[in-house]
Structure formats: structure tokens, C-alpha cells
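Q: Mind having a look at this structure? Questions to follow.
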Amino acid sequence: MDHSRVPVLEALQEFRRRGDVVYGPPGHKQGLGADPRVVDIVGEGVFASDVLSLNGLDDRRESQGVLTQAEELMADAVGAERAFFSTCGSSLSVKTAMLAVAGPGEKLLISRNAHKSVIAAVIVNGVEPVWVHPKFDAERHLAHPPEPDDVRRALRAHPDAKGMLLITPTDWGSCADVRGAAEACHERDVPLIVDEAWGAHLPFHPDLPSWGMDAGADLVVTSVHKMGGAVEQSSVFHLQGDRVSPEVLKQREDLLGTTSSSSLVYATLDGWRRQMAEQGHGLLDAALRRVARIRKAVAGMPGLRLMGPEVVEAGLTAELDLLKITIDVRELGISGMQAAEWLRAHCHVDVGSSDTCRISGQITHADNDRTETLLVDSLHRLVDTADAIEGRPPVRLPEPHALELEQAVLPRDAFFAEAEHVPADKAVGRVAAELLSPYPPGVPVVAPGEVITAEVVDYLRSGVAAGMLVPDSADPTIETLRVTAR
């Protein structure tokens, strides 16, 4: 296919050339009605490019098939049979993908290290989750993806499961054995969905971890805004084989998705695909060389422990995305949250994720010599200044097994059940009626329907005292918890 073509961008360019006057949404009329104070900050181009797909980029009958052409080019670029654009982010895309495989009351295997959007999908869709627990790294207090044998065991125990949702890469860069998980699912002729939100770049360089479509996954969801070059909320479904019906997937997306899709998202997805198809290998090659230099510099800094290939060599994870720079800072006597706050306040550097133990930043094709030097210099400054950072009370980290909570009630039933607020210490032994997700990275420690334990309460309360955020809790202070009524 001709990857110099960009159907959405070409249609947008033609729309602006024609100078059409629109008597329908959006109400700002390509910026004519926008507050100049807003335009001064976000720019005229944002409003000028905010166009409806119907009677804008395309006619009422979609006769030019602008979006279809762009999706076909995307599928070809990444080696998928079909691709569908989504403008609501992968938080919605993963809900759609799950609903395309398992309906209300049906079982679906799900990695328990899933983002809160996956747990939200379990609640909204009404599926019965079969949690496949990740491989806990006790030394790093970090969860790596589950392994193929974990998938096989879960499928043997639940032969009526409709498929599996696997999360890879994680926020910290560790990657699953996607091929092995796909083989385990296909042995029972059920599909493997991969939530590859952090992996949009993977198809475009052989030195990166395996790309889900190449490794046999049936349906892969990517967030192009995370490691790619599209604007926020840019998401793509990638599909191959016949285990997931494209018609069903489209209908489920239509059920959950917006009827006012963003042309800004479509246009930047289209442009990013062209960039990667034409230049991706070279751009990512440069990024990999750059991150190698950064990693070498970080490895020589006292008090910083860089996560690297040793986790693969130790069998803790199948692969590692080296473009993710995950650094344990505990030897500096501070938490990852404190490190992130100090870097922002003193260096104007914003890391991607932070938790009680570590920080994580990402290098993409967009980085340059300035951003490389800034990151290395800022980490040097952090190391030199760490002794002066005021200490906070320690977070009482639970043993890995203590994070495998009993699922006593289905998440949907618990979330919508009659509930009450009780003091946190009185919640021990009770069934949670809410999500409790330290953020970032947003992986729930407690999901609705799980039995709350003393270890988890201790962890959350000590974490909040040390600066942890739990924004989805009804009481973010964790003084009280929302539990199902007796």
C-alpha cells in the first residue's frame, strides 16, 4: 500500500482549502466563535482542524471512505488484518474489546495487574473475571506479567472461559510472553486480547519487544498517544484471525464509543502511521541509542537502581522495553513520589510514573540531545540533593501473597450493592464496594468484591501518609472505606 498517503489529513487539508461554511457542529465554527484568550493558548490550528467526519471530512454517504482508507493503511503498516480507530482512549477501547469476547455473566481471564480501566470494564460489562495473578518481584515490590503456564492453569480450572485479557508492557516496561499466552489460549480455541496500551511503537523496530500481532494475539489495543506521536485519547484496535468477529467488535465500539469522534485524533493517528511506515525504523534506532546512553549514565549514579535486562535473565519477565527507564530510588532514603515531586519543583522535569519505590520515564522518537542532557543532569542533581529532602514516614509494603485478595462477590454486584462507610480498621474482613487504586500507575490494590485485609489497609494508610494518591476512593484519605452493607 502507498504509505505516503494520509487520507484523513488530505481530507482535512481539502476541507480547509474549500473554505466550507458549516451550519452544524462544532459550534465554534472552526474557531470563529472561540474565545481569543483560549486561542492565544491552544492556537488557531486546533479549532480550524476540529471538523466533523460526516459533512466535513467526508460527505453524508461517506462515499470517499476517508476513515476506512486510513484504517486499512494502519492495518497494513503494523501487520494486522483489520484496524479500527478510536477517539476515546484505550480506557474505552479495552472495555469494547472485552465485551466483544465475553458478555454479561460470562467468564474472562484477566491479568490482575490490570489498570483500573480494565476493572471498570468488568463492572460495566458484567463479565465474571478469572484473575490470573502476575509474577511478583518481591525484591523490587513490582508485578511482572503472568506467564503462559499461569494462563493454562486458569483455563484448566475454568474451561468455560471465553478468552483472556493480557496486559503488556506494564507501566514499568516489563513484557509478557505473548506468543506463549496466545498458544495457551488457542489450544482451547479462545482468543487472546492484549492491552498493549504502552506498545504502539513495537511493530516498527526489531530490537523492541514482541508486537502482539506478530506473536499470535487475536485482538490488540494500543494507545498511540503514550509511546507514539498522536494526541491524547488516540487508540487503535488491531485484529487478526476469526476468533473475534470484526462486525461484533464494531458494534460493541458503537455501543460504548462517542458519536462525536475527534478529527484531531483521526488526523494525528493517520499522520503518525505515515511517519512510522516511512521513517519509524530510523527514528526508533536513534531513540534506542539515546536510551542506551542515558541508561549507562544512570547506572553509574549512587543510590539509583535501574531496572534492566537482569529481570529477563532472572526469568522474572519475558522481555523488557528498554525505552522505559524505571529507577528504584529507595537507597536515596526517599520514595518515588518524593523524587517525582522534587524533579518537578526543582528541575521542571515531569516523570511518567512514580510510586513508593521508584520513578519511571520514557524515551521516544521525539527526544533530542537537550531532553537527554536535561534528564541525566536532573537525576545527578537528585542524587546530590537527596539527603536534604525531608523524610516521610515509611510505607509498609505488604508481602506479594498479601496482594492476592479473595474475590468473594462479583465486582459488578459489589460496586452496585448497598454500601456503607466504615473506619479503615473496621473494614478488615469486609467486602470492598469501591476501587482503591494508587495513582500512578492506577492498578487497583483492591477491586470491588474483594475481601479487605489488614495488610492492605496498613499499606494504603501508610502510603497516603507518605504522599500516595488514591483518587478513586470515596475517601482519598483512607480514613474510611466503602464496603458492602451486611
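The values are calculated or read from the model by the stated rules, or taken from the named source; none is laboratory data. Values in this document were obtained by computation on a predicted structure and should not be read as measured data. All Cβ positions, glycine included, derive from the backbone under ideal geometry; neighbour counts span all protein chains shown. Quick note on the areas: whole protein, heavy atoms, side chains included, nothing else; ligands and nucleic acids left out. Shrake-Rupley method; radii C 1.70, N 1.55, O 1.52, S 1.80 Å.
Q: Just how large is the dipole of region 400-441 about the Cα centre, in debye to the nearest 20, putting +1 at every Lys and Arg Cβ and -1 at every Asp and Glu Cβ?
A: Details: 3 positive and 7 negative charges, 11 e Å.
Dipole about the Cα centre, nearest 20: 60 debye.
Q: Whole number in Å², please: accessible area per residue of region 383-486, 1.4 Å probe, ligands, DNA and RNA not counted. Spell out each step's value before the answer.
A: On the way: 4990 Å² over 104 residues.
Heavy-atom accessible area per residue stands at 48 Å².
Q: Please figure out what share of the DSSP beta bridges in region 39-161 is antiparallel and state it in percent, rounded to the nearest 5.
A: Details: 3 of 9 bridges.
Taking every DSSP beta bridge within region 39-161, about 35 percent pair in antiparallel fashion.
Q: What dipole magnitude, in Debye to the nearest 20, does the chain give about its Cα centre under +1 on Lys/Arg Cβ and -1 on Asp/Glu Cβ?
A: On the way: 47 positive and 71 negative charges, 80 e Å.
Dipole size: approximately 380 debye.
Q: Right, something else. Are any of the pairs 135/162; 107/324; 107/426 more than 26 Å apart by Cα-Cα distance, and if so, which?
A: Working: 135/162 23 Å; 107/324 33 Å; 107/426 32 Å.
Beyond 26 Å between Cα atoms: 107/324; 107/426.
Q: Normalised radius of gyration for region 272-335, please: alpha carbon Rg relative to 2.2 N^0.38 Å, two decimal places.
A: Against the empirical 2.2 N^0.38 Å value, I get 1.39 for region 272-335.
Q: Here is a further query. Over region 105-240, what is the relative contact order in whole percent, taking alpha-carbon pairs under 8 Å and six or more residues apart? Mind dumping the intermediate values first?
A: Numbers: 266 pairs, mean separation 25.0, N = 136.
Averaging sequence separation for qualifying contacts and normalising by length gives 18 percent for region 105-240.
Q: Something else now. Across all directions of projection, what mean area in square nanometres is found for the Cα convex hull of region 181-327?
A: Working: hull surface 43.9 nm².
The orientation-averaged projected area of the Cα hull of region 181-327 comes to 11.0 nm².
Q: Provide the packing ranking of 81-88, 269-276, i.e. peptides ordered by the mean count of other C-beta atoms within 10 Å per residue, highest first. List each step's numbers first, then the result.
A: Working: 81-88: 20.6, 269-276: 23.8.
By packing density, highest mean first, the sequence is 269-276, 81-88.
Q: Over all Cα pairs of region 356-417, how is the pair count split among 10 Å bins, expressed in % and running from 0 up to the last occupied bin?
A: Binned Cα distances yield the sequence 13, 25, 22, 21, 17, 1.
Q: With an 8 Å Cα cut-off and a minimum separation of 6 or more residues, compute the relative contact order for region 200-249 in percent.
A: On the way: 58 pairs, mean separation 15.8, N = 50.
Once normalised by length, the contact order is 32 percent.
Q: Moving on to the next point. So what does the Cα-only Debye profile of region 305-405 read at q = 0.11, 0.24 Å⁻¹, as log10 I(q)/I(0), no solvent term?
A: Each listed q corresponds, in turn, to -0.39, -1.34.
Q: Turning to a different aspect of this structure: Can you tally the net charge around residue 78? Count Lys and Arg as +1, Asp and Glu as -1, for every other residue whose Cβ sits under 12 Å from the Cβ of residue 78.
A: Values: positive: 82, 273; negative: 71, 72, 76, 81, 196, 214.
Value of the local net charge: -4.
Q: A further question follows. Give me the Kirkwood hydrodynamic radius of region 1-81, using the inverse of the mean 1/r over all pairs of distinct Cα atoms, in Å to one decimal. Intermediate values should be presented prior to the final figure.
A: Values: mean 1/r = 0.0710 Å⁻¹.
Taking the inverse mean of 1/r over all distinct Cα pairs, region 1-81 comes out at 14.1 Å.
Q: Shifting gears a bit: Specify the inter-centroid distance of region 340-399 and region 266-338, based on alpha-carbon positions, in whole Å.
A: Result: 14 Å between the Cα centres.
Q: Could you order peptides 304-317, 125-138, 33-46 by the average number of other Cβ atoms within 10 Å of their residues, highest first? Can you show the working numbers first?
A: Numbers: 304-317: 16.6, 125-138: 19.9, 33-46: 11.7.
By packing density, highest mean first, the sequence is 125-138, 304-317, 33-46.
Q: Report, to the nearest whole %, how much of the accessible area of the chain belongs to carbon and sulfur atoms, 1.4 Å probe, protein only.
A: The nonpolar share, carbon plus sulfur, comes to 49 percent.
Q: For the chain, what does -39500 (n - 2.57) per DSSP helix run (n ≥ 4), summed and divided by total residues, give at 222 nm, in deg cm²/dmol to the nearest 500?
A: -11500 deg cm²/dmol
Q: Which one, 409, 48, 304, projects farthest toward the positive side of the charge dipole computed for the chain from Cβ point charges (K/R +1, D/E -1)?
A: 48
Q: Cβ neighbours within 10 Å, averaged per peptide: list 344-351, 474-481 in order, most packed at the top.
A: Values: 344-351: 13.6, 474-481: 15.9.
Most protected by this proxy first, the peptides run 474-481, 344-351.
Q: Give me P(r) over the chain, computed from all C-alpha to C-alpha distances, binned every 20 Å, as integer percentages.
A: The calculated distribution, bin by bin, is 22, 54, 23, 0.
Q: Just the number please: accessible area per residue for region 87-171, 1.4 Å probe, all protein chains included, in Å². If you can, show how the numbers build up before the last one.
A: Numbers: 2460 Å² over 85 residues.
So region 87-171 comes to 29 Å² accessible per residue, rounded to a whole number.
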